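The values are calculated or read from the model by the stated rules, or taken from the named source; none is laboratory data. Bear in mind the structure is a predicted one, so any value in this text is a computation, not a measurement. Here the Cβ positions follow ideal geometry from the backbone for every residue, glycine too, while neighbour counts run over all protein chains shown. With ligands, DNA and RNA removed, areas are computed over all heavy atoms of the protein, side chains included. Shrake-Rupley method; radii C 1.70, N 1.55, O 1.52, S 1.80 Å.
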Amino acid sequence: MGAWYRNLDLIITLALSFLLLLTSAFTRTYMAYPLLAALILFMLVLLRRGFGLQALVKMGVKGARQAVPVVQVLLLIGLITAVWMAAGTVPALVYYGTALIAPRFFILWAFVLTSGVSVLTGTAFGSVGTIGLALMVMARSSGADTSPVAGAIIAGAFVGDRCSLLSSSAHLVASVTGTSLHTNLRNMVKTSLWPLLLSLLFYSGLSLFHPVQFSDSSIAAKLPELFDLSPIVLLPAVAMLLLALLRVDVKLAMFVSIGLGVMLARSHQHYSLFQIVQFMTVGYQLNQTSPLQAVLVGGGLLPMLKATVIVFISTTFAGIVSGSRVLGFVNPWLSQMDTARQRAQATVLVSLFANIFGCTQTIAIVLTGKIMQPHYAALENKSLVRYTSEQLAIDLEDSAVVIAPLIPWNIAGLIPATILSVSPAFIPYAVYLFLVPFCCVLRSRKPLERVSDVTNFLH
């Protein structure tokens, strides 16, 4: 109790910061303002505790540097979205999709298709920016509520982010815990069966209550009047998928796709180079007067700048949280976790906290792993478990990885929402992301006292 009392100023500051961020998410205030306020409050507390301003700035800069690759990908997504619109790639995906997808179960299909693409490519952002974007255009054209569709898309995107061979988060978890990637993936498949089954049932029911209907006069009829929809315009999407499967660097794959899209926008959609550059800068917008003007919009560098500001502030905040190591006061509480269920509960809570204040999935994985690893090792020292590293990897995948997109100001949730142009209202419908940590806690019911117990637990 003494440790908590001595850190009361820090706890109050973090609680106030959380309330600011939560209020901003519900009121749809620009997230940079509460993030900046939270950052200033946190720095003031650390200055009061004796940290030097120069040291805090160095921590923040170190954290902000981690945002550079994320920002590069974010800006490339802005470019690729605008170019795919202009090339007819997104309109073609929408046109063929309306013929293939049963409207009555549209939300279920949104989850299944995005899950499939994310498992193949290993990238949540790429899945949202390709098949997810096309599905969202279809949903908007029907006039249906887009929040359930967005929830299904974003949940599906993180199915592969969690357990794809190509997933960067899966590689990071294996690195942090010192475990085998392939062993972790086998375990991830096993622990995801119930969440996947329950999610499919949920989205089946949700589809019936939120139908997405396409009338003959809607998007499917209008698109051929506005675009050349020959199969060749799907080439940028096909190239992106194939290059991802070949494990080509995602940035290079995006550049190739953008190049193909620019050529198709010129040759098949007959846009001038000036128009294409304009789309890439400010976002795509139909030039013709059409009911689809409000639907076929998106992308561009400038619309992504607001998101990049949030990314830089959040990673600065995360760098100071991680670098100051002020979270050590939770260790006495964690040391009391002697059962598998208590340990899983603690990992979920720590990862929730790390995602809220770490603001990135990467930092949440690393921070949760560093905090929890000694306590998993302590169980090993007590001769309770010899399989603690693999168990830690399972618990990290089932908590830190999937909780991240549920936090509106976390990059994992912010970027998909920005790509789809949706508010945090999607969060209640991303049920797979809730079910994975919930099942993680439920399946951990007793202490793992022997290696045979661990083997039985995993199977």
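Please work out if VAL61 is over 21 Å from GLN288 (Cβ atoms) and in contact with a Gly (Cβ under 9 Å, 6 or more places away or on another chain). Break it down stepwise before answering.
Numbers: over 21 Å from GLN288 (Cβ atoms): yes; in contact with a Gly (Cβ under 9 Å, 6 or more places away or on another chain): yes.
So VAL61 passes the test.
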In the stretch 414-424, the residues that are within 17 Å of GLY126 (Cα to Cα), open to solvent by 10 Å² or more (accessible area, probe 1.4 Å) and assigned to a helix (DSSP H, G or I):
LEU414, ALA417, THR418, ILE419
Residue check, ILE411 against (1) surrounded by 23 or more Cβ atoms within 10 Å (Cβ to Cβ); (2) of a type outside the set (Lys, Arg); (3) within 14 Å of the chain's Cα centre (by Cα); (4) farther than 13 Å from VAL311 by Cβ, all met but one. Which one?
(4)
Output the residues belonging to the stretch 237-263 that are crowded, with 16+ Cβ neighbours inside 10 Å and at pLDDT below 90.
ALA237, ALA239, MET240, LEU241, LEU243, ALA244, VAL250, ALA253, MET254, SER257
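Looking at the structure I just gave you, is SER175 over 25 Å from PRO374 (Cα atoms) and polar (S, T, N, Q)? First the steps, then the outcome.
Details: over 25 Å from PRO374 (Cα atoms): no; polar (S, T, N, Q): yes.
No; evaluated as a whole, the condition is false for this residue.
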